[in-house]
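Coordinate-derived values only; no laboratory data. Predicted model, so just to flag it, every value in this text is computed and none were measured. Here the Cβ positions follow ideal geometry from the backbone for every residue, glycine too, while neighbour counts run over all protein chains shown.
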Amino acid sequence: MELAYTLSGFAVGAIVGMTGVGGGSLMTPLLVLLFGVSPATAVGTDLLYAAITKAGGVVVHTRRQHVRWDVVGKLAAGSIPGALLTIAILSTSRIDHAAFSKVATETLGIALILTALAILGKHRLQGWGKVAAGPWRERWIGPLTILVGLALGVLVTLSSVGAGALGVAALFFLYPRFPTTHIVGSDIAHAVPLTLVAGLGHAHLGTVDWTLLGSLLLGSLPGIWLGSLLCARMPERLLRSGLASLLVLIGAKLVL
């Protein structure tokens, strides 16, 4: 079984390397639907998996000066409290494991469908952001960024999905003049502390499988490296369309 987990980690890592998205949105439903892992455990384990795998990306983007730390700070000002509040509610409400798994499954399904829409509509959101530019942006851009961070914090903590594609989509709308590399770099830099805090919260709740985490990482790290090498040779539009269609099908299955 550990070998199957490692191979799955490799496959998902390769997709992430080729498309830039798909980590949590593929790994968590894969663990739930294919391996029968409890949704709560799948979410908790995947959060720490995401924090570790994306940490290397932060180093690369920081060296290339692709990270807008002011934006990262505003997102984190909303997402970290959102994650902590969600963990606190789950902890103090003494929700049983079955009920938590049901909540995680339904939230995961909704998050996957939203992620698919974000993947397909990224450029359209950027266009809407440019059209909506005006004096209001200077006044409200900070509070709106914090509010987006809060929503991501809650969603990611419950489903492990949203820090990637949804975060990028929101940043394209809020900051349409930013280069794509700065959007992606800032989103990855924000995802690491968010998933780390949420993942440690799940560890406190007892919903992290450490053996499973090690097996996934063993495959995903070389998978991401290989996917990054193949990225330039693969048609991005085809990959993203295929990934979005897959996420809609999985999300609908989980919700229904």
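Here the residues Ser159, Ser101, ranked from fewest to most Cβ neighbours within 10 Å of their Cβ, fall in the order Ser101, Ser159. Loop-located trypsin sites (Lys or Arg not before Pro) in region 135-199 (DSSP state not H, G, I, E or B) with no more than 11 neighbouring Cβ atoms inside 10 Å: Arg177.
Please compute the length gained on full extension between Lys102 and Ile89, using 0.36 nm multiplied by the number of residues separating them and subtracting their Cα-Cα distance.
3.1 nm
Geometric descriptor of region 169-227, per residue, is 102 Å³ (volume of the convex hull of the Cα atoms).
Order of Ser186, Ser220, Ser215 from fewest to most other C-beta atoms within 10 Å?
Details: Ser186 24, Ser220 27, Ser215 21.
Lowest to highest Cβ neighbour count: Ser215, Ser186, Ser220.
With each pseudo-label sitting 7 Å past Cα toward Cβ, what's the Ala55-Leu249 distance in nm, one decimal? For the pair Ala55/Leu249, the computed spacing is 3.5 nm.
Test of understanding: ordering His202, His61 by Cβ neighbours within 10 Å, fewest first, what list do you get? Intermediate results must be reported in sequence, preceding the final value.
On the way: His202 24, His61 20.
Exposure proxy ranking, most exposed first: His61, His202.
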